[in-house]
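Asker: Pasting a structure below so you can have a look.
The values are calculated or read from the model by the stated rules, or taken from the named source; none is laboratory data. Keep in mind the model is a prediction, meaning the values are calculated, not measured. Note: ideal-geometry Cβ built from the backbone for every residue, glycine included; neighbour counts use all protein chains shown.
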Amino acid sequence: MTHFQVNGRRYAAKPTAGQCLRTFLRDLDVFGVKKGCDAGDCGACTVHIDGQPFHSCLVPAFRGEGREITTIEGLATNGELHPMQKAFHDAQAFQCGYCTAGMIMTAVTLTDAQKTDLPHALKGNLCRCTGYRSINDALLGRCNIEPDEAGKALGASLPNPFTDAIVTGKARYTMDLAIEGLLHLKVLRSPHAHARIVSIDRSAALAVPGVVAVYAWEDVPKRLFSSALHEDHLVDPDDIMLLDNVARFVGQRVAAVVAETEAAAEAGCRALHVEYEILPTVFDPVLAVQPGAPLLHDKDLVTASNNIFCTLQGEIGDVAKGFKEADVLHEQTYSTTRVQHVHLETHGSIAWKGEDDRWHIRTSSQAPFAARQKLAYIMGIPPRDLHVFTERVGGGFGGKQELVSEDLVLFATMKLGRPVKWEWSREEEFIGATTRHQMTTRVKIGARKDGTLTALDVEVFSNTGAYGGHGGETLAAAMASPIAAYRCANKKGIGHAVYTNMTPGGGFRGYGASQTTFAVECAIDELARLLDIDPFEMRRKNVVRPGDNIESIWKEPNDASFGSYGIDECLDIVERELQKGNGVTKPEGAEWAEGQGVALAMLECGPPTEHRSGAEMRLLPDGTYHLACGSTEMGNGIITAHKQIAASMLGTRVDDIDIINADTDRTPYDTGTFASTGVVVGGKAVHLAAQAMSDDIINFASRYAGVAIDQCRLDNDSVICGNQRISLRELHAEGAKVDHRFSVSRRAYLSPRTIAFNVQGVRLAVHRVTGEIRVLHSVHAADIGRPINPMQCRGQLDGAVAMGYGWALVENMVHDDEGHMVNPQLRNCRIPTFADTPHTDIFFADTIDLIGPLGAKSQGECGINPVAPAVSNALANATGVRFAHLPFTPDRLFAKLAAAK
Ligand code: FES
Ligand code: FES
């Protein structure tokens, strides 16, 4: 036994052979040490050893012996936050908070000189949520929060209610749980893009010490399902099984090994011997639809005899006639890449059987209720036997709108009767999780000399990969708002979602609309250039206006409607700010070219399919409130927004409302927190419940005080009835005497859907020889209705825009000819670091929505959509060359610029 000093406490413990300090500390229940990669790339595991910061995943645990180890939990002293924790608190320098412990541990050690060069000093710490702006604010000592005052919650920049827990490392994420008798699950993934599993020899795996069980396709329920989670499961094709006898992409799970330790489970996977029959492959969706292409699935899942599982098409007006009326035409094919969500907390679940004889699943999910339905179906048990819940979720971005870990842990725990945990590695995220759908979009567009659009024709090929979850819905989104954003009498489109042997596509912030927004917004710019019309004017002339039909290519009725309209203001803001400039000039040298670009995006707030949320409120004996809502908090700030909505309705302080969320036992139903529904559906349910709570209290108080209802009003912790002030505590006690419970429940549905807009402006410099891009000025304006919490809204947009720059400039999943991802590590498949992320000035249009709760609209998703086309438009403006294929990495820019020269 050896001794370790952690946060001033002495531990007698012995690391296992080869164990790193990160897992060793977590085995001591020091859960503030997080895992984002286990490869030294993300910094989530940063700790101090004798005062120096280290990525603990890279340090052998035995090297910590006899050293002073400090984690985030050891930073605060005498109950006082460390000044850096306070700085992160005041700046609200986090969203999901998963990176925060590591970020603070690094920041604490920075010298004043290092603080003047944060892009360099923070290069070892990644944040996927914030766009680093609020982290920069923390390091500069800025305070972004306002006081929590009764009756003033709406529109206030209030802190996340879990701030203290996040900055001190006490916040518990999915895997931060110690359970007695826990087993660990790991999967063997297919090395082949298409292969039939002939046989699996489990004997060597079962002989590995600690291995408890091995499961393969023969052992699991033979029920097809889709891993995508929606209210209506029929929108996704049922094409997946828990474990299958055919692998259709490299990374598909082939067998599961359950063992006493994670290391034993991994060793068990390595010891499995699988005999594969290799099948022909196809990776390109255009080739996959050709006659004779290898088929991935049974014929009843696809149309005709090819791999198309979903085709959407339609026409309004007469596109052929519209093109004849055009004075100019533009036609081009644009393509976007598949990228990974890289939520810093990887997928994972823990399942166990409770004393209530039910199965409990703690999971990192955006949709625990939909997950419960699907799990019940797969396992053939009633949903009431399942309890699915989240603790704190470390980012999602659509990647956790999937059932990808809960199914196997539930299966294994039901088989073995012991708790089972499965935590994914970063490599598994890259090769086994879903990605943004790669889409290729041909746009043909025509206009008259004055810029009026006469016809728009769009054709989309969406590569949905080996499985079709979200394939139809993302295609529908791709064919919807980017086309509907423009008034044009003649529109036509056809889109195909096609199976290939690539990693499956899934939901991802922007959800299909990002891809075609890129194509359409580039095409609009090309037309403007042909007509010599200013790009802002071109958009003003053609963008939809109040009173217009909001229609894409279908004549069917649509529930989208203008609850408010602010695109005109957004365009004005971005144009004004770019004209004003920010004083940043392009680098010296003739090879640097400078250009400016703009793009817009429209969002129908919420999915066109069914979406619903419930909220419950109770008045508690101490006069405070309890709020329960099914929405998942994953860094989107939804619990803060929900509390603010409730506090606004009740005239109270946000701190006087406690909240639970995303728990199938303890909160009302919620379809899931995706498609920007957290405020417009979940928030609407909270709004209705809080209104009902207010009515209930005032009605009771009126009777109790003998004062007319219109003379009664809520005021913080009391009700004012005429000239009496009755505390809520007293009212609750009086209610108890007559069995009046002060308990309400309300439900909200998503229809009609209001419309939000975003505009991105970019001024950049590009080096004609090296292909290097420097963003000189980045401006974003959003029409999101009334911001419930302006700081949070700005943060969401900071993060979305940063992700847009990542998609445009940095991120690139590279696959070889056999479907293997060649760079499944964060150091090789990079996401933006502090240094890669330009500062963006964020503005809001001054609108108050008539449909959304308290005037608010959706805003979590759409900020990403106009970024890549704005960059492409700026590049075209700078160089005269159209970059139509993402990403704009220096090597690709260099090749194209050299060719153009
Ligand atoms: S987990 Fe250690 S650097 Fe990512
Ligand atoms: S707050 Fe940084 S990864 Fe979520």
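Asker: Given the options GLY64, GLY74, GLY43, name the one that is modelled with pLDDT of 95 or more, within 15 Å of ligand 1 (Cβ to nearest atom) and of a type outside the set (Lys, Arg).
Answerer: The conditions single out GLY43.
Asker: Can you name every residue in region 343-358 that is more than 17 Å from VAL187 (Cβ to Cβ), out of contact with any His (no Cβ under 7 Å at 6 or more places or on another chain) and either at pLDDT below 95 or not acidic (Asp, Glu) (or both)?
Answerer: HIS343, LEU344, LYS353 - these are the residues of region 343-358 that are more than 17 Å from VAL187 (Cβ to Cβ), out of contact with any His (no Cβ under 7 Å at 6 or more places or on another chain) and either at pLDDT below 95 or not acidic (Asp, Glu) (or both).
Asker: Which condition from (1) modelled with pLDDT of 95 or more; (2) surrounded by 15 or more Cβ atoms within 10 Å (Cβ to Cβ) is the one that LEU750 breaks?
Answerer: Only one criterion is unmet by LEU750, namely (1).
Asker: Related question: Considering THR130, THR163, which residue is within 16 Å of ligand 2 (Cβ to nearest atom) and surrounded by fewer than 24 Cβ atoms within 10 Å (Cβ to Cβ)?
Answerer: After applying the criteria, what remains is THR163.
Asker: Quick check: anything in region 810-830 crowded, with 22+ Cβ neighbours inside 10 Å and within 16 Å of ligand 2 (Cβ to nearest atom)?
Answerer: For region 810-830, residues crowded, with 22+ Cβ neighbours inside 10 Å and within 16 Å of ligand 2 (Cβ to nearest atom): present.
Asker: Related question: Being within 15 Å of ligand 2 (Cβ to nearest atom) and among the aromatic types (Phe, Trp, Tyr) is the filter; apply it to region 48-101 and report the residue that is farthest from ALA171 (Cα to Cα).
Answerer: Top of the filtered list is PHE88.
Asker: Among the numbered conditions (1) more than 16 Å from ligand 2 (Cβ to nearest atom); (2) out of contact with any helix residue (DSSP H, G or I) (no Cβ under 7 Å at 6 or more places or on another chain), tell me where ALA121 comes up short.
Answerer: So ALA121 meets the others, but not (2).
Asker: Is there any pair linking a residue in region 124-138 that is away from ligand 1 (no atom under 16 Å from the Cβ) to one that is β-branched (Val, Ile, Thr) and at pLDDT 95 or above, with Cβ under 7 Å and at least six apart or on different chains, and which?
Answerer: That search, which allows pairs on different chains as well, returns GLY131/VAL801; GLY131/THR837; TYR132/THR837.
Asker: Could you look through region 674-726, keep only residues that are of a type in the set (Phe, Trp, Tyr) and over 30 Å from GLU402 (Cα atoms), and pick out the one that is surrounded by the most Cβ atoms within 10 Å (Cβ to Cβ)?
Answerer: PHE700
Asker: So how many residues does region 751-792 have that are in contact with a Gly (Cβ under 8 Å, 6 or more places away or on another chain) and among the β-branched types (Val, Ile, Thr)?
Answerer: 6
Asker: Also: Kindly evaluate ASP457 against the criterion of being of a type in the set (D, E, K, R), touching a helix residue (DSSP H, G or I) at 6+ places or on another chain (Cβ under 9 Å), surrounded by fewer than 24 Cβ atoms within 10 Å (Cβ to Cβ) and assigned to a strand (DSSP E or B).
Answerer: For ASP457, the condition - of a type in the set (D, E, K, R), touching a helix residue (DSSP H, G or I) at 6+ places or on another chain (Cβ under 9 Å), surrounded by fewer than 24 Cβ atoms within 10 Å (Cβ to Cβ) and assigned to a strand (DSSP E or B) - is met.
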